[in-house]
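Below is one structure, written out as structure tokens; comments come after it.
FYI, it's all coordinate maths here, none of it is from the lab. Quick caveat: nothing in here was measured; it's all calculated off a predicted structure. Cβ placement follows ideal geometry from the backbone for every residue including glycine, while neighbour counts extend to all protein chains displayed.
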Amino acid sequence: MFFYKAINSFIFSRYSPEIFSLFSKNSKTNKYNYSGRDFLSDTVSGLTVAIVALPLAMAIAIASDLPPERGIFTAIVAGFLISFLGGSRYQIGGPTAAFIVTVATVAMRHGYEGLVIATILAGIILIVLGFLRAGELIKFIPYPVITGFTSGIAFLIFFTQIKDFLGLNITGHMPIDFIDKFIVYTQFFNTFNSWSIFIGLISLLLMIYIPKIVPKVPAPMLVVTFGAFITYYFNLPIETIETKFGAIPSSLPPIYFPEITFEKIRELLPEAITIAILAGIESLLSAVVADGMTGSRHKANAELIAQGSANIFSALFGGIPATGAIARTATNIRSGAKSPLSGIMHSLWLLIFMLILSPFIIKVPLAVLSAILMVIAWNMSEIKHIKKIMKAPRSDRIVLFTTMILTVTVDLNFAVQTGISLALLLFVRSIIVSTDIRAYDPISILPDGFDDPDAIAKKIVPTEVEVYEINGPLFFGVVDKLQDTLQLLEPKPKIFILRMRYVNLIDSAGIHAIEELHKRCENDNIILILSGVSQYLYKTLNKSGVINLIGKDKIVDHIDKAIDISNNLLMKN
């Protein structure tokens, strides 16, 4: 019985959806004291978010070179599941601008069916990561890497909207790569549509100034309504959703199961990993933002499981990859949301909009949607964070711009891998630089040594004893410093004390370096003593056999003991 309760408590605390707490009879888990007034607040906030989400969902799908209904299907299905199964109280899920470049690339290379398979695989990966409790691990992705690829994606989103914003009459299919797309833009620049630019500029100005003048009015919906009305009333010769895609379905499509083979899985797995990483990072960042705005705490692992489930069913219902949307989540909180029911209501409102507003939606000009995405791209650009990183150490700046440039010129997957690898290499280098192996020189006594009660400057060290100290972790990056230590000693001492009081980490290379140091000491008839060895180091050295190699009597936890042993050995000799 105790075992059952422990397992149930563990699962509930780490993996249970936040909405379970809403109806729990347990006073410890029922955090909401939910009332009819709270339900009304959730309904209204859900409506507000749905009004914002509708044009965004269409714009993101179109920017991904897919029909607009794909974005609406995603917002409805994935949005519902993310709120119903998620570990965040206020999270709003759906298609986000961060996926545009990845989705467009996968869809062009592998077709929509390939995108569906990749999204399903990404969902499975996220669910597995959730059950493996990897929600906390995603936080260890270096900040400059996240800022770099987010800024790179923002630039690409802005760049891809130039075609519709200017109304360029480009024949053939647009290329994926940034450089090829830039060449096409220059070739067809003279085909711009003046009316499209006019509507785009007006929409851009409205998107910028409406939130400043009337912050409670959803700017995207107002801009979409304005653009559709002006275009329809004056019969402007610009491209709309209707002229490019035709009618929009007024209901969800039936579930579609793609044919999944081992060959397709192997081919699409890299893209699936990219989608999973993006979904995991952005959803958890969104949940952290929500926590900061409300003082709540999300369950990272439950959130990953929800994101995985949402992506699987989004793909099965004709959607695209989904994740937590930071801007929509913030709108949800500001609109007075009380629980995850607001996210569920947001999905239901979107379903209602699709049922009754389809004839109107198709009148929206593409230039309006491109203006909305341009503003989103600017908000994604992380300008403030980039300015902060510019004041950080040079290694962070290198990681930032490397990741950003590779995101734009190569692809996101390669950029993230390179950025993380470069960040790790630079981090290791910083540890190597900060780790030194110092020698005690009785002639020069450093003033700061008197602040340390165990400083060698305060000890009486025999002249035939040499004392060196490792200041930092002893790992593969610094073993050369240790191995070269004896070669620098002239004349050779009779006893060599290696202080390790500041060594909080040692790896196999460090252990091997100590073994090599001991061999060199034996060859030169030098007695090696290890001082300041912590319990952790002692256990590690004991497992590797170093204790028996050097001798237990020559491995101590304090410098005084090492000096006493040295005096005794010198007296015997």
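Only Cα pairs under 8 Å and at least 6 apart count here; give the relative contact order of the chain as a rounded whole percent. Intermediate results must be reported in sequence, preceding the final value.
Working: 981 pairs, mean separation 129.3, N = 573.
Taking the mean separation of contacting Cα pairs over the length of the chain, I get 23 percent.
What do you get for the angle between helix 36-63 and the principal long axis of the chain? Use alpha-carbon atoms, 0 to 90 degrees, nearest ten.
The helix 36-63 is inclined about 90 degrees to the chain.
Shape verdict for the stretch 437-572, please, from the Cα gyration tensor: rounded (a/c under 1.5), prolate (a/b greater than b/c) or oblate.
On the way: a/c = 1.38, a/b = 1.23, b/c = 1.13.
Rounded, since a/c falls under 1.5.
Please give every one of the lysines within straight-line cross-link reach of LYS539, meaning a C-alpha to C-alpha distance under 18 Å, and leave out same-chain neighbours fewer than 8 residues apart.
Once the sequence-local lysines are set aside, what remains near LYS539 is LYS552, LYS554.
Would you mind checking the tilt of helix 341-361 against the longest principal axis of the Cα atoms of the chain, expressed as 0 to 90 degrees and rounded to 10?
Tilt of helix 341-361: around 40 degrees.
Of all DSSP beta bridges located in the stretch 437-572, what percent are antiparallel, nearest 5? Don't skip to the answer; put the middle values down first.
Details: 3 of 15 bridges.
If we restrict to bridges inside the stretch 437-572, about 20 percent are antiparallel.
How would the chain be classified by its alpha-carbon gyration tensor: rounded, prolate or oblate, with rounded meaning a/c under 1.5 and the a/b versus b/c comparison settling the rest?
On the way: a/c = 2.82, a/b = 2.12, b/c = 1.33.
Here the chain falls in the prolate category.
Between LYS572 and ASN542, what is the FRET efficiency for a Förster distance of 25 Å, r being their Cβ-Cβ separation, to the nearest 0.05? Spell out each step's value before the answer.
Numbers: r = 26 Å, r/R0 = 1.05.
The computed FRET efficiency comes out at 0.40.
Could you check the simple spin-label distance between LEU269 and ILE179, using points 7 Å along Cα→Cβ, in nm with one decimal?
Placing both labels 7 Å along Cα→Cβ, they lie 3.0 nm apart.
Once you charge only the Cβ atoms, +1 for Lys and Arg and -1 for Asp and Glu, what is the size of the charge dipole of the stretch 437-572 about its Cα centre, to the nearest 20 debye?
Details: 16 positive and 20 negative charges, 84 e Å.
For the stretch 437-572, the charge dipole is close to 400 debye.
Do the sum for the chain: with -39,500 (n - 2.57) for every DSSP H run of n ≥ 4, divided by all residues, what is the mean residue ellipticity at 222 nm, to the nearest 500 deg cm²/dmol? Walk me through the numbers before you get to the answer.
Values: 24 runs with 362 residues, N = 573.
Roughly -20500 deg cm²/dmol at 222 nm, from the helical runs in the chain.
Cross-link partners among aspartates and glutamates for LYS387, C-alpha distance below 14 Å, same-chain residues fewer than 8 apart left out?
In chain and number order, the partners are ASP396.
Over the alpha-carbon set of the stretch 278-387, divide Rg by the Kirkwood Rh and report the Rg/Rh ratio to two decimals. Numbers along the way, then the final one.
On the way: Rg = 15.9 Å, Rh = 16.1 Å.
That ratio is 0.98, to two decimals.
Rounded, prolate or oblate: which fits the stretch 220-284, taking a ≥ b ≥ c as square roots of the Cα gyration tensor eigenvalues, rounded meaning a/c under 1.5, else prolate when a/b beats b/c? It would help to have the intermediate numbers written out before the result.
Values: a/c = 3.00, a/b = 2.04, b/c = 1.47.
In terms of gyration-tensor shape, prolate.
Rank the residues TYR233, TYR468, TYR90 as a footprinting-exposure proxy: fewest other Cβ atoms within 10 Å of their Cβ go first.
On the way: TYR233 8, TYR468 20, TYR90 28.
The order, fewest Cβ neighbours first, is TYR233, TYR468, TYR90.
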